[in-house]
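Peer 1: Just dropping this structure here.
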Amino acid sequence: MQLDQESCYQALVSRDARFDGLMFVGVSSTGIYCRLICNSRRPLRRNCSFYPNAAAAEQAGYRPCLRCRPELAPGNALVDSHNRLAVALGRRIEDGVLNEISVPELAAEMGISDRHLRRVIQDEFGVSPNKLLETQRLLTAKLLLTDTTLPVIDVAFASGFASLRRFNDAFKTKYRLSPTGFRRSTASADSGRFACELAYRPPLDWDAMLEFLSKRLYEGVEAIRDSSYLRTVSLGGRTGWIRVRPSTRRHALTVELAPELGRAIPAVLTRVRRLFDLGAEPQRIAQRLGKLAVREPGLRLPGAFDGFEVAVRAVLGQQISVKAATTLAGRFAAAFGDPVTMPFPELRLLMPTAQRVATATPAALAKIGVTSARARTLINVARAMAANPNLLDPGADVGAALSRIKEIPGIGEWTAQYLAMRAFAWPDAFPATDLGIRKALGTDDEHKILARAEAWRPWRGYAAMHLWRTLT
């Protein structure tokens with residue numbers, strides 16, 4: 001990424017929030033790098049260098065600012081990148097895949113050579129894959145040290161370090177501080193609960209997001225209460241709950257987690273970011289959509305906390321109303337989810353797993369009220385997901401990923417596009433065959449609909465959300 005240094009400095013001087021998270025400034029006189037919205041005194045132009053990401057700033061020898069906290073900056077949106085492979089690789093590294101497999105193994109999974117993977121990451125992010133991973137681990141650890149009371153050893157393992165010694169060495173080498181130096185004296189246990197904040201670029205229409213999710217909840221697994229989103233979580237053998245609500249201090253969402261999820265915090269936060277589309281750039285999107293986005297410029301594209309549950313919800317919603325599909329979703333969770341006890345009475349079930357549904361019979365699924373054909377489709381989807389947990393990761397080629405999904409018996413174009421919107425978080429997905437979109441545009445001619453949607457690329461998924469909203 002090439003940055004115009006003078007333009008970057010003007011954005012820094014104006015503290016333009018539109019660029020928050022899209023670039024960082026390194027200040028040679030202090031050895032610190034900051035977000036462009038940092039409230040510290042503006043540095044002189046000659047002391048400033050600009051970087052497209054935190055990893056590049058750290059590779060240049062800068063330490064993160066303790067005031068603006070770069071780890072809280074909103075992430076980059078999955079936009080019309082010139083290199084989709086780089087976007088896909090960035091997502092996988094963000095997910096912590098390199099904590100489990102090597103770089104050559106990741107390259108093999110992506111169907112490319114190790115050398116090509118390293119070249120793509122270097123060209124797009126300006127650093128090596130391992131450097132990108134190291135920065136992510138350090139910033140995640142810094143977030144956990146600052147905002148939670150999680151024991152240091154748990155922070156080390158949760159952020160991906162193999163040992164406490166390597167964790168301590170990394171902090172002393174990169175930041176010239178011990179990990180405990182980032183502890184805030186104001187942190188409190190709060191009955192053992194943890195709370196972190198995830199920033200976004202305003203505006204974010206929180207009420208519209210909750211309205212969308214409330215009509216598609218798995219009863220017992222998810223709930224909306226007091227302008228908050230709650231759900232049960234089961235990750236890596238750890239079970240607990242989360243509550244997400246707007247921060248009262250900044251443009252961010254506060255994520256509260258059960259203490260049992262302590263070591264799973266990074267994975268949970270990654271899923272929350274995707275569910276609520278926190279990497280979006282609403283001003284760019286609204287500019288492209290024009291009049292369509294005037295009424296609700298903060299409308300986001302709801303993603304997925306878990307790909308399988310969105311896939312099931314999409315199948316249940318085929319050719320029936322949203323309300324009827326939500327009823328079936330509640331029955332599905334009750335029939336195949338494990339019961340749990342949580343401090344919130346609305347939460348009493350864990351989401352059914354693909355492995356469990358894969359072994360179910362069509363007759364067992366038919367008992368919740370779905371047709372035999374739909375029951376077979378659910379089983380086919382579950383078996384495909386059990387065999388390939390990364391099935392709903394589009395990789396570098398979204399078209400190829402959609403083709404793989406449509407190979408599953410019972411999955412057609414509408415379902416594939418809906419999954420691309422939510423599970424893939426692909427901003428240009430567009431279910432042109434959707435009844436609501438046809439109604440909103442006043443035509444059943446698919447060719448005319450697709451021609452109309454060309455003007456909205458690469459944000460057709462957001463256009464679909466706005467079109468659906470015109471019907472409410």
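Peer 1: Using θ = phi - 60° and the Karplus curve 6.51 cos²θ - 1.76 cosθ + 1.60, what whole-Hz ³J(HN,Hα) does each residue of the stretch 429-444 get, with Gly and Pro shown as x?
Peer 2: 5, 8, x, 5, 8, 5, 4, x, 5, 4, 5, 5, 8, x, 7, 9
Peer 1: Which net charge results when you count Lys and Arg as +1 and Asp and Glu as -1 among the other residues whose beta-carbon is under 9 Å from that of Val221? Before the final figure, lay out each step's value.
Peer 2: On the way: positive: Arg231, Arg348; negative: Glu219, Glu222, Glu309.
Its environment carries a net charge of -1.
Peer 1: Here is a follow-up. Along the Cα-to-Cβ line of Asp338, 7 Å from the Cα, sits a label point; which residues in the stretch 219-245 have backbone N less than 19 Å from it?
Peer 2: Residues 219-222, 231-242 qualify, since their backbone N sits under 19 Å from the label point.
Peer 1: Still on this model: Work out Dmax and Rg for the stretch 261-302 from the C-alpha atoms and quote the Rg first, both in angstrom.
Peer 2: 14.0, 45
Peer 1: When the chain is fully extended, how far beyond the present Cα-Cα distance does Arg183 get from Lys406, taking 0.36 nm per residue of separation?
Peer 2: Full-extension gain reported as 75.4 nm.
Peer 1: Kindly give the semi-axes, whole Å and largest first, of the ellipsoid equivalent to the stretch 189-279, taking each as the square root of 5 times a Cα gyration tensor eigenvalue.
Peer 2: Rounded to whole Å, the semi-axes are 20, 16, 12.
Peer 1: Hey, can you rank 194-205, 457-468 by average C-beta count inside 10 Å, highest first?
Peer 2: Ranked by mean Cβ neighbours within 10 Å, highest first: 457-468, 194-205.
Peer 1: How large is the Kirkwood hydrodynamic radius of the chain, in angstrom, based on all distinct alpha carbon pairs? Each step should come with its number before you reach the end.
Peer 2: Numbers: mean 1/r = 0.0427 Å⁻¹.
One over the average 1/r among Cα pairs gives 23.4 Å for the chain.
Peer 1: I want to make sure I understand the PRE zone here: with the label point 7 angstrom from the Cα of Leu441 toward its beta carbon, which residues in the stretch 418-435 have backbone N atoms less than 11 Å away?
Peer 2: Counting backbone N atoms under 11 Å from the label point, the list is 430-435.
Peer 1: Pop a pseudo-label 7 angstrom from the Cα along the beta-carbon direction at both Asn390 and Ala195 and give the gap in nm to one decimal.
Peer 2: Here the modelled spin labels are 3.8 nm apart.
Peer 1: If you roll a 1.4 angstrom probe over the protein chains with everything in place, what fraction of the accessible area of the stretch 197-334 belongs to carbon and sulfur, to the nearest %?
Peer 2: 48 percent
Peer 1: Under DSSP H, which helices of the chain have Cα atoms covering 20 Å or more of the helix axis and a Kyte-Doolittle average no less than 0.5?
Peer 2: Within the chain the helices that satisfy the rule are 322-336.
Peer 1: Can you give me the long-range amide H partners of Gly21? Hydrogens built in the peptide plane at 1.01 Å from N, cutoff under 5 Å, separation of 5 or more residues or another chain.
Peer 2: It is Leu36, by chain and number.
Peer 1: In addition: Please calculate how many Å² of accessible area the stretch 231-366 carries per residue, with a 1.4 Å probe and no DNA, RNA or ligand atoms counted.
Peer 2: Heavy-atom SASA per residue in the stretch 231-366 reads 42 Å².
Peer 1: Enumerate cysteines in the chain without a disulfide-compatible partner, where compatibility requires another Cys Cβ under 4.7 angstrom.
Peer 2: Among the cysteines of the chain, those whose Cβ sits 4.7 Å or more from every other are Cys8, Cys48, Cys196.
Peer 1: Report D for the stretch 234-370 in µm² per second (integer): Stokes-Einstein, Kirkwood Rh on Cα pairs, 37 °C, 0.692 mPa s. Intermediate values should be presented prior to the final figure.
Peer 2: Values: Rh = 17.5 Å.
Stokes-Einstein gives a translational diffusion coefficient of 188 µm²/s.
Peer 1: Work out how much length Glu211 to Gln355 would gain on full extension: take 0.36 nm times their residue separation and subtract the Cα-Cα distance, in nm to one decimal.
Peer 2: The span from Glu211 to Gln355 would gain 48.8 nm if fully extended.
Peer 1: Distance in nm between label sites at Arg457 and Ser113, each 7 Å beyond Cα in the beta-carbon direction?
Peer 2: Those two pseudo-labels are separated by 3.1 nm.
Peer 1: Now, a different point. I'd like the distance between the alpha-carbon centres of the stretch 1-42 and the stretch 83-146, rounded to an integer number of Å.
Peer 2: Cα centroid of the stretch 1-42 versus Cα centroid of the stretch 83-146: 24 Å apart.
Peer 1: In 5 Å bins starting at zero, report the fraction of Cα pairs in the stretch 117-235 per bin as a rounded %.
Peer 2: Result returned by the calculation: 2, 9, 14, 14, 14, 15, 14, 11, 7, 1.
Peer 1: For the stretch 1-126, what is the accessible area per residue in Å² when the probe is 1.4 Å?
Peer 2: Accessible surface, normalised per residue, equals 48 Å².
Peer 1: Cut-off 18 Å, label point 7 angstrom out along Cα-to-Cβ of Val322: give me the residues of the stretch 455-472 whose amide nitrogen falls inside.
Peer 2: 461-472
Peer 1: Run the helix sum for the chain: -39,500 (n - 2.57) per DSSP H stretch of 4+ residues, divided by residue count, reported at 222 nm to the nearest 500 deg cm²/dmol.
Peer 2: That comes out to -12500 deg cm²/dmol.
Peer 1: Express the carbon and sulfur contribution to the solvent-accessible surface of the stretch 377-472 as a percent, rounded to the nearest whole number, probe 1.4 angstrom.
Peer 2: Numbers: 2040 of 3950 Å².
It is 52 percent, rounded to a whole number.
Peer 1: Stretched out fully, how many nm does the piece from Thr433 to Glu6 gain, at 0.36 nm a residue minus the Cα gap?
Peer 2: Value of the extension gain: 149.1 nm.
Peer 1: More than 13 Å apart: what percent of Cα pairs in the stretch 93-136 qualify?
Peer 2: 50 percent
Peer 1: Kindly state, as a whole number, the per residue volume in cubic angstrom of the convex hull around the alpha carbon atoms of the stretch 215-265. Could you put the intermediate results ahead of the total?
Peer 2: Working: hull volume 5.1 nm³, N = 51.
Convex hull of Cα atoms, per residue: 100 Å³.
Peer 1: Counting Lys +1, Arg +1, Asp -1, Glu -1, what net charge surrounds Pro70 among other residues with beta carbon under 11 Å of its beta carbon?
Peer 2: Every neighbour counted, the sum reads +2.
Peer 1: At 1.4 Å probe size, what's the solvent-accessible area of Val322? Round to the nearest 10 Å².
Peer 2: Surface open to solvent at Val322 totals about 60 Å².
The values are calculated or read from the model by the stated rules, or taken from the named source; none is laboratory data. Just so you know, these numbers come straight off a predicted model, no measurement behind them. All Cβ positions, even for glycine, are placed from backbone atoms using ideal geometry, and neighbour counts span all protein chains on display. When the accessible area is computed, the model is the full protein with side chains, heavy atoms only, and any ligands, DNA or RNA have been set aside. Shrake-Rupley method; radii C 1.70, N 1.55, O 1.52, S 1.80 Å.
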